[in-house]
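One structure is given below, encoded as structure tokens.
The values are calculated or read from the model by the stated rules, or taken from the named source; none is laboratory data. Just so it is clear, the structure is predicted and the values come from calculations on it, not from any experiment. Here the Cβ positions follow ideal geometry from the backbone for every residue, glycine too, while neighbour counts run over all protein chains shown. Each accessible area value is taken on the protein alone, full model and side chains, heavy atoms only, with ligands, DNA and RNA left out. Shrake-Rupley method; radii C 1.70, N 1.55, O 1.52, S 1.80 Å.
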Amino acid sequence: MNYPVWDVVFGAGLLMAVVAVLHVFVSHFAVGGGLFLVLTERNARRSNDAALLGWLKTHTKFFVLLTVVFGAVSGVGIWFTIALISPTATSNLIHAYVWGWAIEWVFFFIEITAALLYLYGWDKLEARLHQWYGWIYFFAAFASMAIINGIVTFMLTSGRWIENHQFWTGFFNPTYFPSLAFRFAISLALAGIYALLTASVQKDAALKARIVRWSALWIVPSLAVLPILGWWYIRTIPASIWARARGPMPTATHFAFLAVVLLAVTFVLALLTLIQPQRLPLAFSLMVALVALGTMGSFEFVREAIRKPFVIGNYLYANSLYAAPIPGDGGFSVDKLDDVGVLTSAKWLSNREITQQNQLAVGHEIFRVECASCHSTDSYRGLKHYIALRQWDQDRIQAMLATLDVMHNGAMPPFAGTDSERAALAAFLASIQPVAPSPPSAAANGRTVFERNCSMCHQLRADDALFARLPKDPSEASNALRDLPNLFIRMPDLKLSDEERTALVDWVNTERRMQTNGMAVPGGN
Amino acid sequence: MMEPNLIPTLDPNPLPAPYWVFKLLLVVTFFLHIVAMNLLLGGAALALAAKWRSKNRVFVDVAKKLPVLLPATITLGVAPLLFVQVLYGQFFYASSIIVAWPWFLVLVALTVAYYGFYYVSFQNGQNSGKSGSVMLFSVVLIFLIGFVYSNNFTLSQTPARWGAKYFAHPAGWNLNLSEPTLVPRFLHFFTAAVAVGGLLLVLIAFARWKREPDYARQIFHFGGKAFMYATMAQFLLGIWFLAALPRDLRILFLGDSALATSLLVLGVGVAIAAILLMSEAIRRENVRLAAYYVSGIVGVVILTMSVMRDILRDAYLKPYFRPDQFVVKTQWSVFPLFLVLFVGGAILWLVMLKRYGLFAGKKAEQEAPVETPELTGAAR
């Protein structure tokens, strides 16, 4: 609202994710790969292994072409992209952490120079001096990662920074060290995984086998230690945040599962390379790299997903609104907007009042300033799809918008604005996916009613309020469901039809019976 | 149409050091970035010109430098990009979002151009035709990147244009083509790059002077003349740029502001001196005169132009931006650390170059360039 919103048709979040995942996959290689280069060079020189040195020279070229070009440009790319998608967060981070970035820039400069000198120095420099450049490269690259890690983890777990706004408090936040260790282990594994790529195109079978075995020494232990480091990482994340990855928040849950599975697959594939290391084909090493990319991407998706609803933990929501009013926030906090309205506060709107004629246009503009940082209308996290899935009409959308912040265990920011603005947004959302009245068969299915209307907050388990507290008597229960906010103030004011209520109550009672009969609740955990 | 209500509000975090610290860092790092960019773009453009005039060797020689000059441009560009966000984020983010797609595509163009330069340098004179096409493609991409930069930064200084552009195309497919200073400003930058590219050739000539006098003389003349013609063209472009400025900003440089006016006079005067000196150096075939003195003088010109650019930005933003809008709360627990690491990093950087043999001086230029006694001695 304070800044214009870049209207990316396929979803700004997707663009950010693509840039970020590709960047981290190369930038982590840039750290571990640096250590790999110097240690491999040292070993090769000690054992007078000319063939290995010859390969390492080619590998250096590959390394520099990938990290110095793609790695560096995509790193700048993350800056470009976050500034386009989350300018408010970027501005806050820049002012709070500019000295961190400035220090990182010093290391970045050293890193790039050392990488080029190491590459061009292969034919020109005496062995020890050449390795000296390699070590400088590695330390600079590691330092660069250690700094960025401080800022990235701060965004997830801002810790006590919220209270004192001190640089180092935010920097050495609760997840700083586990994340650094976790990322460093990833970078060591990636050093080996990328080495498999250039190894697999070697013609000398004995050399290829040596490189593959040596690479496995980087991959296997690093991957083996990742679950332990991951456990440490998870333990330091406050339970309230981590809960988002277990159950109610689909994105985080799916990607957490995917990360674990893909990690295991990478591990197995890496071991398989050892069966016939002298015959490792390029296709196989490419597969290892792709699965590793999937693992890394999934991990980053989990981190991003559990950080939601925030872009800076407990401080700034993903849609650039401040979580609580603070001096200097320009009035862009949820409380203030609820009070005075979006149309009077937001700068980048062309409509300033709602009329019968412009309601959809206003709704579209509110969608843009409040939702578009994460959602598109019909592609990435497309609301059209969600609405179709749940068959919400305009009234239901409007009711649900009032309680966004309790959905999915609090993964979304609250709607900010007045009731008429909420109605305009609902009108717009209903217009992108018009919903026909439900056929009686759907209304008669209690499970469907639950999934469409309750499952955003309620889970199918005995201790969930819906199952624990809804009156057992069918007519009493059905009556109670007439006025949801009366049951609990944060419930949406849904007007469920008589059929829907009856079906839901029947289904809830059936599930209860199954549970008391000792049968496992399907989907419950 | 004035729409001052579109100017974004500052975020609540204070400025973590005094305003002038960031201003100084911004201008100095921008200066370094622009020097690297000029060497890159000007060098590459002249390499193409040389190829067109069948001077393939010059092409190959310059092409080998580009994979180093581009990362230098990028790494030196990161710092001003950081500091401009510290001071002018409100304007920079807003205009970037308005031109979001061209701005984002800079990254794609940069990556492709970068690999293009590497491709040409690895060919080492082979595949001449293909190298030329790839080089042309990369140069065009860099040229377009510069053009997008000019669009974004001119737009960031003219908030009055924001609303109309954004509300017409919120998807970010905008440029700032209606800005009267856009073309002269961009050409002013590009032509400066050609001039400095000429100096790159002079420096290459200087390094080869003793070993290959004929070849060195050839590139000295080529580069030196390119420098002179490009710099002469700057007088016309500069006048065009100045004429295209809004009147109240133009008169700043024509007497209204003592600082702006003296910088302009200084810049123009020193540029004339550089042309005369270069012409004298070519006439006397004194490459050292060109390599040392003209380069030094041009450094002064670029610095004055960088400061003038900054003065102009602040003049454009005067109705919307005041340096005293910031609450300053210096982060004493980390700012000194930056200074120490910055100085230490600069020293380490110089040591790295020195041990590599890059400063081995004329001895190295005349003899084998790398395995100097000093170098191997230092390594033991």
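Given contacts defined as C-alpha pairs under 8 Å and at least six residues apart, what's the relative contact order of the range A:440-516, whole-number percent? Show your work: numbers first, answer last.
Numbers: 66 pairs, mean separation 32.8, N = 77.
Worked out over the range A:440-516, it gives 43 percent.
How large is Rg/Rh for the protein assembly as shown, to two decimals, with Cα atoms and a Kirkwood Rh?
Working: Rg = 30.8 Å, Rh = 30.4 Å.
That ratio is 1.01, to two decimals.
Return the average number of partner chain Cβ atoms within 10 angstrom of each residue Cβ along peptide B:96-102.
On the way: counts 7, 10, 2, 2, 12, 3, 0.
Partner-chain Cβ atoms within 10 Å, mean over residues of B:96-102: 5.
Could you work out how far helix A:498-516 tilts from the main Cα principal axis of chain A, as a 0 to 90 degree angle to the nearest 10?
Compared with the principal axis, the helix lies near 60 degrees.
Any idea what the relative contact order of the range A:334-432 is, in percent, if you count C-alpha pairs under 8 Å spaced at least 6 apart? Walk me through the intermediate numbers first.
Working: 113 pairs, mean separation 42.0, N = 99.
Contact order relative to length: 42 percent.
Roughly what percent of Cα-Cα pairs across the range B:296-363 reach past 21 Å? Don't skip to the end; give the middle numbers.
Details: 1477 of 2278 pairs.
In whole percent, the share of Cα-Cα pairs in the range B:296-363 beyond 21 Å is 65.
Per residue Cα convex hull volume for chain A, in cubic angstrom? Please list the in-between numbers first.
Numbers: hull volume 85.9 nm³, N = 525.
Value for chain A: 164 Å³ per residue.
State, to one decimal in nm, how far the label point of residue A:62 lies from the label point of residue A:224, with both points 7 Å from Cα in the Cβ direction.
Output for this residue pair reads 2.5 nm.
When the helix-only estimate is applied to chain A (DSSP H runs of n ≥ 4, each -39,500 (n - 2.57), divided by the residue count), what is the mean residue ellipticity at 222 nm, nearest 500 deg cm²/dmol? Don't jump to the answer; show the numbers that get you there.
Details: 24 runs with 347 residues, N = 525.
Per the formula, -21500 deg cm²/dmol.
Taking amide H positions as placed in the peptide plane 1.01 Å from N, state which residues far from residue A:333 in sequence (5 or more) or on other chains have amide H under 5 Å from it.
A:322
Rg to Rh ratio, the range B:12-327, alpha-carbon atoms and Kirkwood radius?
Answer for the range B:12-327: 0.99.
Mind checking the range B:1-60 for trypsin sites (Lys or Arg not before Pro) that DSSP puts in a loop (not H, G, I, E or B) and that have at most 12 other Cβ atoms within 10 Å? Walk me through the intermediate numbers first.
On the way: sites: B:23, B:51, B:53, B:55, B:57; in loops: B:53, B:55.
Answer by residue number: B:53.
Could you let me know the centre-to-centre spacing of the range A:253-331 and the range B:257-314, using Cα atoms, in angstrom?
Rounded to whole Å, the Cα centres lie 51 Å apart.
Go ahead and run the numbers for FRET between residue A:461 and residue A:172, Cβ-Cβ distance against an R0 of 35 Å, rounding to 0.05. Please report the intermediate quantities before stating the final value.
Numbers: r = 38 Å, r/R0 = 1.08.
Rounded to the nearest 0.05, the efficiency is 0.40.
May I ask you to order A:1-9, B:284-292 by the average number of other C-beta atoms within 10 Å around their residues, highest value first? Intermediate results must be reported in sequence, preceding the final value.
On the way: A:1-9: 23.9, B:284-292: 17.0.
In descending order of packing, they fall as A:1-9, B:284-292.
If you line up the Cα atoms of the range A:334-432 on their principal axes, what length do they span on each, largest first, in Å?
Cα spread of the range A:334-432 along its principal axes, largest to smallest: 33, 29, 23 Å.
What total accessible surface area, summed over both chains, is buried at the interface between chains A and B, computed with a 1.4 Å probe and given in Å² to the nearest 100?
On the way: alone 24280 and 19390 Å², together 36640 Å².
For A against B, buried area totals roughly 7000 Å².
Counting helices only, and only those DSSP H runs with n ≥ 4, report the 222 nm mean residue ellipticity of chain B as the sum of -39,500 (n - 2.57) divided by its residues, in deg cm²/dmol to the nearest 500. If you can, show how the numbers build up before the last one.
On the way: 13 runs with 283 residues, N = 380.
Theoretical 222 nm ellipticity from helices: -26000 deg cm²/dmol.
Taking each residue of A:340-348 in turn, how many C-beta atoms of other protein chains fall within 10 Å of its C-beta, and what is the average? Can you show the working numbers first?
Details: counts 0, 0, 0, 0, 0, 0, 0, 9, 10.
The mean count of partner-chain Cβ atoms within 10 Å per residue comes to 2.
Computed FRET efficiency, Cβ-Cβ of residue A:352 and residue B:169, R0 25 Å: what is it to the nearest 0.05?
Working: r = 21 Å, r/R0 = 0.82.
Efficiency, from the Cβ-Cβ distance: 0.75.
What pairs from B:225/B:318; B:130/B:210; A:308/A:384; B:165/B:318; A:57/B:210 go past 29 Å between their alpha carbons?
Working: B:225/B:318 40 Å; B:130/B:210 32 Å; A:308/A:384 21 Å; B:165/B:318 22 Å; A:57/B:210 32 Å.
Check vs 29 Å cut-off fails for B:225/B:318; B:130/B:210; A:57/B:210.
GNM, chain B, Cα, under 10 Å: largest mean-square fluctuation among B:234, B:126, B:157?
Of B:234, B:126, B:157, the most mobile in the Gaussian network model is B:126.
In whole Hz, with x marking every Gly and Pro, tabulate ³J(HN,Hα) for the range B:325-335 from phi via Karplus 6.51 cos²θ - 1.76 cosθ + 1.60, θ = phi - 60°.
Taking θ as phi minus 60°, the curve returns 6, 7, 8, 9, 9, 4, 7, 5, 7, 9, 4 Hz for the range B:325-335.
Convex hull over the Cα atoms of the range A:12-317, averaged projected area in nm²? Spell out each step's value before the answer.
Numbers: hull surface 60.5 nm².
Value for the range A:12-317: 15.1 nm².
Starting from the Cα of residue A:447, step 7 Å along the direction of its Cβ; do the same at residue A:14; then give the gap between the two resulting points in nm.
3.1
I'd like the mean, over residues of B:339-348, of how many other protein chain beta carbons sit within 10 Å of each residue's own Cβ. Spell out each step's value before the answer.
Values: counts 3, 2, 9, 5, 1, 2, 9, 3, 0, 7.
Average per residue, whole number: 4.
Which chymotrypsin sites (Phe, Trp or Tyr not before Pro) in the range B:199-240 sit in a loop by DSSP (not H, G, I, E or B) and have at most 15 other Cβ atoms within 10 Å of their own Cβ? Walk me through the intermediate numbers first.
Numbers: sites: B:206, B:209, B:215, B:220, B:222, B:227, B:229, B:235, B:240; in loops: B:209.
Within the range B:199-240, no chymotrypsin sites (Phe, Trp or Tyr not before Pro) qualify (loop, at most 15 other Cβ atoms within 10 Å).
Between residue A:311 and residues 5 or more places away or on another chain, which pairs have amide H atoms under 5 Å apart, with H built 1.01 Å from N, and which residues are they?
Correct list: A:316, A:317, A:318.
Helix A:359-370 versus the longest principal axis of chain A: what is the Cα-based angle in degrees, 0 to 90, to the nearest 10?
It works out to around 40 degrees.
Report the calculated FRET efficiency for residue B:49 and residue A:232 (r = Cβ-Cβ distance, R0 = 45 Å), to the nearest 0.05. Display every interim value, and only then the final one.
Values: r = 59 Å, r/R0 = 1.31.
Here the calculated transfer efficiency is 0.15.
Go through the range A:317-326 residue by residue and turn each phi into a ³J(HN,Hα) via Karplus (6.51, -1.76, 1.60, θ = phi - 60°); whole Hz please, and just put x for glycine and proline.
In residue order, the calculated couplings are 6, 4, 9, 6, 9, 6, 5, 9, x, 9 Hz.
Kindly write out, for the range A:87-99 in residue order, the coupling ³J(HN,Hα) from the Karplus curve 6.51 cos²θ - 1.76 cosθ + 1.60 (θ = phi - 60°), rounded to whole Hz, with x marking Gly and Pro.
After applying 6.51 cos²θ - 1.76 cosθ + 1.60, I find x, 5, 4, 4, 4, 4, 5, 4, 6, 7, 10, 4, 6 Hz.
Quick query: amide H of residue B:15 versus all other amide H atoms, modeled in the peptide plane; which residues come in under 5 Å with a sequence gap of 5 or more or a different chain?
B:327, B:328, B:329
Taking each pair of distinct Cα atoms in the range A:440-516 once, what is the resulting Kirkwood hydrodynamic radius in Å?
Numbers: mean 1/r = 0.0807 Å⁻¹.
So the Kirkwood estimate lands at 12.4 Å.
Suppose each label sits 7 Å from its Cα in the direction of the beta carbon; what would the residue A:217-residue B:325 distance come out to in nanometres?
For residue A:217 paired with residue B:325, the spin-label model returns 5.8 nm.
When we measure straight from the Cα of residue A:208, which aspartates and glutamates land under 20 angstrom away, once same-chain ones fewer than 8 places off are left out?
By straight Cα distance, residue A:208 reaches A:41, A:49.
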